[in-house]
Amino acid sequence: MPASTQTNTSASAWTEDRLVKECLKGNEEAWSAMVDRYKNLVYSIPLKYGITGDDSSDIFQAVFFELLSHMAEIRQPKALPMWLIQTATRKCISFRQGQNRFTALEDEADGGEQIGQIDPAVGEQALHEFQQEHSLAQALEQLSPRCRKLVQMLFFEVPARPYEEVAQSLGLKTGSIGFIRGRCLEKMRGFLDQAGFSREL
């Protein structure tokens with residue numbers, strides 16, 4: 001049986017161990033799940049260093065290319081998020097230092113020396129945000145299909161859909177949406193508490 005037929009298409013459903021093992025087997029679905037899970041984490045690092053646009057996209061691609069190249073060397077898959085943060089940070093530093101080579105202004109040169117040091121707070125903040133985001137995705141995945149769709153429409157779409165539209169989409173009465181919303185959020189809070197999620201809904 002092909003590896004792709006044994007997988008779950010939701011990135012949040014994969015453990016780090018399984019993601020790495022399946023990627024090493026050449027499972028394209030696993031690689032897509034890998035990128036989907038960590039894309040926001042990797043993109044957040046260039047933004048924290050003031051790198052945007054095509055430059056941040058180049059760094060993003062370079063980080064995942066390095067991950068693909070060194071996948072077989074990963075011994076502790078659970079440390080993968082921090083590895084990605086460190087790799088992205090190094091590439092951001094190299095990029096900024098490369099920019100500084102083309103400037104003759106002393107203050108910009110001094111800025112290049114400062115950015116040449118990895119700020120632990122940047123990595124810690126990015127890792128915390130990723131863990132919170134991942135816990136939220138896992139909690140959402142554990143809801144029933146109806147609850148998951150309702151929560152997504154009310155809280156994850158911008159702008160949030162009005163109750164009338166949500167009710168029509170789910171085949172429910174408009175007056176019941178508030179009650180069902182409360183029950184769904186209660187279940188989601190339980191899943192988030194189990195995952196150690198610190199924010200309140």
Inset, instruction - Mind counting the residues in the stretch 55-79 that are among the hydroxyl-bearing types (Ser, Thr, Tyr) and in contact with a Phe, Trp or Tyr (Cβ under 8 Å, 6 or more places away or on another chain)? - result: 1
Inset, instruction - Would you point out the residue of the stretch 52-89, among those that are farther than 17 Å from Asp36 by Cα and among the β-branched types (Val, Ile, Thr), that is surrounded by the most Cβ atoms within 10 Å (Cβ to Cβ)? - result: Thr89
Inset, instruction - Would you mention how many residues in the stretch 1-30 are open to solvent by 60 Å² or more (accessible area, probe 1.4 Å), at pLDDT 50 or above and assigned to a helix (DSSP H, G or I)? - result: 5
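The values are calculated or read from the model by the stated rules, or taken from the named source; none is laboratory data. Please read these numbers as outputs of a predicted model, since none were measured by experiment. So basically every Cβ, Gly included, is an ideal-geometry build from the backbone, and we count neighbours across all protein chains shown. Please note that ligands, DNA and RNA were not included when accessible areas were found on the heavy atoms of the full protein model with its side chains. Shrake-Rupley method; radii C 1.70, N 1.55, O 1.52, S 1.80 Å.
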